[in-house]
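Below is one structure, written out as structure tokens; the observations come after it.
The values are calculated or read from the model by the stated rules, or taken from the named source; none is laboratory data. Predicted, not measured: the structure shown is a model, and the values here were computed from it. When we count neighbours, we look across all protein chains shown, and the Cβ atoms used for this are built from the backbone with ideal geometry, even at glycine. Keep in mind that these areas ignore ligands, DNA and RNA; they rest on the heavy atoms of the full protein, side chains included. Shrake-Rupley method; radii C 1.70, N 1.55, O 1.52, S 1.80 Å.
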Amino acid sequence: PTLSLREKLLGCATCMVCGYLLSLGSFMRLKDLMIGNPVPLVVNVTVGNIIALCGTCFLTGPQSQLNRMFHKSRKIASIFYLGSLAVTMFLLLLPHFLFRGLLLLLLMIGQYVAISWYCLSYIPFARE
């Protein structure tokens with residue numbers, strides 16, 4: 001359905017604020033990570049990042065957003081970001097294994113690196 005500019009901005013802002021609050025607020029769970037339970041922190045960060053990413057679909061629509069994500073200038077960053085989200089969620093579903101917490105933490109950091117690299121692709125010459 002067609003949304004007004006105000007509705008698009010409100011939808012985008014709501015998703016992004018909720019996503020980033022969930023993602024950044026989850027760092028209160030670092031204690032859980034330190035005692036060997038990375039799941040609460042990693043789930044909240046990953047789900048928060050997914051919600052924030054969905055917010056951008058309000059502005060241009062899902063199809064246009066996918067086209068922009070896979071433009072040649074940001075294709076690698078998009079694949080790395082979406083891949084890190086998918087692999088993180090996949091590893092969360094696996095039974096415990098050695099170094100699971102460390103691997104999940106590295107993937108979570110990779111999500112932030114990838115989304116930063118992706119955002120910089122919208123600023124001319126920013127990644128250079």
Quiz item: Is there a residue in region 114-125 that is open to solvent by less than 70 Å² (accessible area, probe 1.4 Å) and either part of a loop (DSSP other than H, G, I, E, B) or of a type in the set (Lys, Arg) (or both)?
Solution: yes
Quiz item: Of all residues in region 86-102 being more than 22 Å from residue 22 (Cβ to Cβ) and among the hydrophobic types (A, V, I, L, M, F, W, C), which is surrounded by the most Cβ atoms within 10 Å (Cβ to Cβ)?
Solution: 102
Quiz item: Can you find a residue in region 87-100 that is in a helix (DSSP H, G or I) and either closer than 21 Å to residue 122 by Cα or of a type in the set (D, E, K, R) (or both)?
Solution: yes
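Every residue, every condition in (1) over 30 Å from residue 5 (Cα atoms); (2) not small (Gly, Ala, Ser), yes or no:
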site	(1), (2)
64	no, no
69	no, yes
74	no, yes
88	yes, yes
100	yes, yes
104	yes, yes
